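Notes to accompany the following structure.
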Amino acid sequence: QVQLAESGGGLVQAGGSLRLSCVASGTFFRMNTMGWYRQAPGKQRELVAAITSTGSTDYSDSVKGRFTISRDNAKNTLYLQMNSLKPDDTAVYYCKLYNMGGDFWGQGTQVTVSS
């Protein structure tokens, strides 16, 4: 059974930084594409960044140049380094494991950026 556990969220002032982590268990983590999504109140969940098993990355335009996605396959952990945070980045952040038989989601971690 696949389990994903996010951590690292919190309250930060605009311009600050946070690093999110997502630990995966019960899966061959290194073989799967992973992604970070976020959902703000009243808005749809949106892709923030994704990373393939070989390390190729993709970012939404809104976070390019500010966020960095990475993975440590030895630790089964996905990261999202978030710099120059803005109030618009306030949301619940979720990690996702892409899987042909059905994707898996973590429970989410709240990020709040104050102005």
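Derivation of every value follows stated rules applied to the coordinates shown; laboratory data play no part. Fair warning: this is a prediction, and the values are worked out from it, not measured in the lab. Positions of Cβ are backbone-derived with ideal geometry, glycine not excepted, and every protein chain shown enters the neighbour counts.
Brief remarks on what is shown
- Using C-alpha pairs under 8 Å with a sequence gap of at least 6, the mean separation divided by the residue count of the chain gives a relative contact order of 36 percent.
- Length-normalised contact order for the stretch 61-115 - Cα pairs under 8 Å, 6+ apart - percent: 28 percent
- Label separation (Lys75 vs Ser62): 2.8 nm, computed from points 7 Å beyond Cα along the C-beta direction.
- Put the Cα centre of the stretch 86-103 next to the Cα centre of the stretch 12-84 and the gap is 8 Å.
- Using R0 = 25 Å, the C-beta based FRET efficiency linking Gln44 and Ser17 works out to 0.45.
- The stretch 12-77: translational diffusion in µm²/s, Stokes-Einstein, Kirkwood Rh over Cα pairs, 10 °C, 1.306 mPa s: 120 µm²/s
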